[in-house]
Each structure stands twice: as C-alpha cells, then as structure tokens.
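The structure under discussion appears below in the form of structure tokens.
Please treat every number below as a calculation from the coordinates, not as lab data. Here the structure is a predicted model, which is why all the values come from computation and not from measurement. As a convention, Cβ positions derive from the backbone with ideal geometry for all residues, glycine included, and neighbour counts pool all protein chains shown.
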Amino acid sequence: MGGMSERSTPGEGLVKGLAVTLKTMTRRSTTQQYPDVAPELPPRSRGVIALLAENCTVCMLCARECPDWCIYIDSHKEEVVVPGAARPRQRNVLDRFDIDFSLCMYCGICVEVCPFDALYWSPEFEYAEYDIKDLLHDKDHLGEWMATVPPPPAHDPHGDPSKEETTAARKAATPAARPAPTRPQPGAEPGGTPS
C-alpha cells in the first residue's frame, strides 16, 4: 500500500477534462489561409533534400546509410592527367543521383553522413505530385532546391571557437620553429667532410 498516494474523488477527471474543453472553447480560433498566405516555417525546418552536385564525390555513404534505401547513385570513372604525375589519376563522375521521396522518411541521416557537404535540408515543402512515380527526383530537380537552402547560422560569439580558429591561433602564438641541430656522423671530423 506504500505505492499509492492520494486518492482522487469520483468525477475529478471529468471535471478536469471539462475545464480544458471550456478553456479551449473560449479562445478565438485562428485559421491560416494556407494557399493564399505562406506559412511561417520554424527555422531549420525539414522540407526536402537538396543536392549540390559539384560537391558529390560518389562516395556512396548516403546511399549505404539510408535506412529506406531510397537514394540511387550511378557514376563512371574518368582519367585526369596531372602535370608531373607518373600516371593519370581517376575520379568518379556523378551520372545519376535520385531520391525517391515516396520512400524517404526524412530522417536526415544522408545529410549528416555526407563528408563533402553535397546534401542540404531545404525548407521547400510544396512538391506534391498526382502520381507516386513522380516523387522520384533526379539530380537536376534536387539541384534546383539549392536556391532555397538557408545560409548557415552565424557563429555564437559566446560559444566555443571552431577547431580551425583554435588551430590558427595556436600556430600564430608559437614562434617559428628553428631547424634542429644536425649531429655529426660517425667518422666525420668537426667542420669537415667524412674521411
């Protein structure tokens, strides 16, 4: 019996529920005129995923980490001749980058794991289609949404400095390193060449 606290009187729950209902009934309702008036979206709202194709290196991390497997990527290799290199190098060229938004659950894992900042959240949310097959968006369509991606928030002046700022400050604070003194090699005479 130690687990029971105060006992409630019969009908107390009904009275509390009616109080909430009366309080809600006395408030004036506001209707948002959505198609005519654009809604005020909260900052950093998730609408659709935008692609910056020139940053994509076809590392496939986004497609591998996607729990819904809704990202489809195809690429081919091109040879790049580097002056002074012994042989030409190869690089991946993005041919296809599609996201099937009928499968996407908007978890944002693809945006988080992208090491080259090729995927971004856009607040654009008006992309409904009449046919579910039209929710498969290609890289050109995903690239059009880059114009709607908001700029990153400004750095908090009271927050911790970024890693790059602390590294630059540390390098600037340390004096230039002197070359280490060289030790004479065995069998060498001081100030001369080895015999």
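What to note about this one:
- The residues of the stretch 122-145 that are exposed (fewer than 15 other Cβ atoms within 10 Å of the Cβ) and of a type outside the set (Lys, Arg), listed by number, are 125, 126, 127, 128, 129, 130, 131, 132, 134, 138, 140, 144.
Every residue, every condition in (1) loosely packed, with under 10 Cβ neighbours inside 10 Å; (2) outside any helix (DSSP H, G or I); (3) at negative phi, yes or no:
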{"site": "19", "(1), (2), (3)": "no, no, yes"}
{"site": "22", "(1), (2), (3)": "yes, no, yes"}
{"site": "30", "(1), (2), (3)": "yes, yes, yes"}
{"site": "33", "(1), (2), (3)": "yes, yes, yes"}
{"site": "36", "(1), (2), (3)": "yes, yes, yes"}
{"site": "43", "(1), (2), (3)": "yes, yes, yes"}
{"site": "58", "(1), (2), (3)": "no, yes, no"}
{"site": "75", "(1), (2), (3)": "no, yes, yes"}
{"site": "84", "(1), (2), (3)": "yes, yes, no"}
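- Scanning the stretch 87-121 for residues being surrounded by 14 or more Cβ atoms within 10 Å (Cβ to Cβ) and in a helix (DSSP H, G or I) gives a total of 4.
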